[in-house]
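The structure appears below as structure tokens.
Nothing in this text is a laboratory measurement; each read-out follows from the coordinates by a stated rule. Please read these numbers as outputs of a predicted model, since none were measured by experiment. Cβ placement follows ideal geometry from the backbone for every residue including glycine, while neighbour counts extend to all protein chains displayed.
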Amino acid sequence: MNGTPTSEGFERVTRALAERGHPHAPVWLTASARTSQEAADALGIALGQIAKSVIFRRQADDAAVLVIASGDRRVDEKRVAALTGALARADADFVKARTGFSIGGVAPLAHSTPPLTLIDRELFRFAGIWAAAGHPNGVFELTPEQLVALTGAPVVDVTKAAPA
């Protein structure tokens, strides 16, 4: 599972976690995990245990809005917009410029410009979750409660209902 990390983003997240006393150092996967499914498969965990990062662009001020949601749920843009104001899609250049991370590796912390962050309540179905660590090959383990502590973000309901 471990290779040699060579990413500035991965190293930035590693430092931020260490500074905050987080008990789990990031892990460098030998295979890229750009999608929640790839990450879950690489880690041998349920898709829902992946804390995926979805970035939107707030129209009012061009701010980045980060939604951290369970990998098995779809973010409901209308529910997010009800909390943040009108949103637009964020392209790869916007994500990299605002967060310092590439799509597929956006961590919940250590951004170049802190985004407005929301954590979806569905993550609390799991005792342990995994989030991106600044690079598509980097991940780290945490609990939903640790995610709240690391980000200071509110826990909200912003995903679509699970299929019956």
Practice item. Return a whole-number percent for the relative contact order of the stretch 29-164, with Cα pairs under 8 Å and 6 or more residues apart as the contact set. Key: 27 percent
Revision key, fill the gap. Residue-ordered couplings for the stretch 21-35, obtained by feeding phi - 60° into the Karplus form 6.51 cos²θ - 1.76 cosθ + 1.60 and rounding to whole Hz (Gly and Pro as x), are x, 5, x, 10, 6, x, 10, 9, 7, 6, 10, 5, 10, 6, 10
Check your understanding: If you find the alpha carbon centre of the stretch 41-59 and of the stretch 102-150, how far apart are they in angstrom?
Key -> 8 Å
Review point. What residue among ARG57, ARG98, ARG15 has the largest mean-square fluctuation in a Gaussian network model of the chain, using Cα springs under 10 Å?
Key: ARG15
Review point. Around VAL156, which amide H atoms from residues at least 5 apart in sequence, or from another chain, sit under 5 Å from its own amide H, with H modelled in the peptide plane?
Key: ILE119, ASP120, ARG121
Check your understanding: Given R₀ = 35 Å, FRET efficiency for LYS160-THR30 by Cβ-Cβ distance, to 0.05?
Key -> 0.60
Exercise for review: Would you tally the net charge around PHE56, using a Cβ to Cβ cut-off of less than 12 Å, leaving PHE56 out, and scoring K and R as +1, D and E as -1?
Suggested key: +2
Review point. Ranking SER70, SER7 by Cβ neighbours within 10 Å, fewest first, what do you get?
Key: SER7, SER70
Study note, to complete from the structure: Compactness check, the stretch 8-150: C-alpha Rg relative to the 2.2 N^0.38 Å globular estimate gives 0.96
